[in-house]
Amino acid sequence: MKYKHILNLSAGLILFCSCNTKNQSVNINISPDAGTNYKQGEKVEVKLDLPVDYKADSVVYLIDSVRIDTKKDGSALSVATDAYTLGTKLITAKVYSGGKEQEVSTNINILTAKTPELMSFEVEKVFPHDTSSFTEGLEYHDGILYESDGGYCKDGQKSSLRKVNITTGKVIQQADVDCNTFAEGITVIDNKVIQLTYHERVGYVYDKNTLKLQSKFNYMQGEEGWGLCNDGKHLYTTTTGTNQIFVMDKDNYRTVREIDVYDDKGPVNNLNELEYIDGMLYANIWEMDDIVVIDPKTGAVVQRIDLSTLYSKPQRQKDGADVLNGIAWDAAGKRLFVTGKDWPKLYQIKIVKPKA
Ligand SMILES: [Ca+2]
């Protein structure tokens, strides 16, 4: 992701609509107000405000179009939020009276019950990094660092896929990408390296050993390809500045399921470069110096790592473009590497609790 623009397609913002009614002949209001936040586990009291001379014969309640309860009158409904996933839920009441139906709806946001644990870091080692590499993807496998360098030739840049010697920062092997294509996230799985592209809506599949392009596929998870990683069974991708992570089939690249990422404040947007580490997803947040640790089962952010002092903004050269972007995990050596776009260094870090 190269250029600044406003991208906020998160469900949390889109669905902050006002309550609405359908086929309404009398004024019925529903509470809570649309967009009200609840911590997962809290109870939601859904109430209808009916006119004094109006008698409801029955009320059917639905959440995201699934019927959850029927009441014989307009009395309040209590909903246990721990039965639901994180994110925005549409609550609808179908009110029946005298053979007529009226519908009224609202929505709520279910957020994590816990605030993410704030973590810090220690630098264990520093390695050189190619300052001409606009890092869009980073992984480490069998002693080799794989890096995706993004850019268009028309902007004086060029995209590539590289194998890098981590100690020297030198390129061992490189596959150049078409001049009109902006390379994005990469991941190594089975005997292939998969590389996304920014606007081109295509993914590339390379032979891991030769870096020869084997095939292409249509990227269907969003307008823009951003980050990519895998857990050995599935691929995970971020897209277009959202809080969504799409879980993809590793062979046909179709979406298997979607993870909506939230913390205790709301959706966590701008998820960018990814890494799968010991059952958790690590994502750096575009234009921030934070990495969030996400439980892929729930989408809950469980930790937030503050890296603002690693390569601080006053040291940077590129007027905001040279942001933190790149997380790689050496599973055998238990080493965590991070870098950024055009950064001069790649850092091996250890995540620690902040000093009191
Ligand atoms: Ca990565």
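The values are calculated or read from the model by the stated rules, or taken from the named source; none is laboratory data. Given the structure is predicted, the values throughout are model-derived calculations rather than measurements. Methodologically, a virtual Cβ is constructed for each residue, glycine included, from the backbone with ideal geometry; neighbour enumeration extends over all protein chains shown.
Taking the stretch 171-218 as the region of interest, the strands (runs of 3 or more DSSP E) fully inside it that hold 3 or more residues being within 19 Å of D231 (Cβ to Cβ) are 183-189, 192-197. Among the residues of the stretch 54-71, those that are of a type outside the set (A, V, I, L, M) and surrounded by 12 or more Cβ atoms within 10 Å (Cβ to Cβ) comprise Y54, D57, S58, Y61, D64, D69, T70, K71. List every residue pair whose Cβ atoms lie under 9 Å apart, where the two residues are 6 or more positions apart in sequence or sit on different chains, the first residue falls within the stretch 244-256 and is at positive phi, and the second residue, located anywhere, is small (G, A, S) and buried (at least 18 other Cβ atoms within 10 Å of the Cβ). Pairs that qualify, where the first residue is at positive phi and the partner is small (G, A, S) and buried (at least 18 other Cβ atoms within 10 Å of the Cβ), are Y253/G203.
Using the structure shown, decide if E287 is away from the ligand (no atom under 15 Å from the Cβ), within 12 Å of T242 (Cβ to Cβ) and surrounded by fewer than 19 Cβ atoms within 10 Å (Cβ to Cβ). So E287 does not fit the description; no. For the stretch 63-91, a residue qualifies if it is more than 28 Å from the chain's Cα centre (by Cα) and assigned to a strand (DSSP E or B), and the qualifying residues are R67, I68, D69, T70, K71, L77, S78. With respect to the conditions (1) more than 15 Å from the ligand (Cβ to nearest atom); (2) on the phi > 0 side of the Ramachandran plot, I259 falls short on a single one, namely (2). For the stretch 154-170, taking the residues that are in a strand (DSSP E or B) and within 16 Å of the ligand (Cβ to nearest atom), the one that is surrounded by the fewest Cβ atoms within 10 Å (Cβ to Cβ) is identified as K163.
Being surrounded by 18 or more Cβ atoms within 10 Å (Cβ to Cβ), more than 30 Å from Y204 (Cα to Cα) and modelled with pLDDT under 95 holds for only one residue in G99, G74, and it is G74. Checking F134, F182 one by one, the residue that is within 16 Å of the ligand (Cβ to nearest atom) and of a type outside the set (D, E) is F134 and no other. Total residues in the stretch 300-331 satisfying the condition of being within 16 Å of the ligand (Cβ to nearest atom) and either over 23 Å from D149 (Cβ atoms) or not assigned by TED's automatic domain parsing to the domain that holds E122 (or both): the figure is 2.
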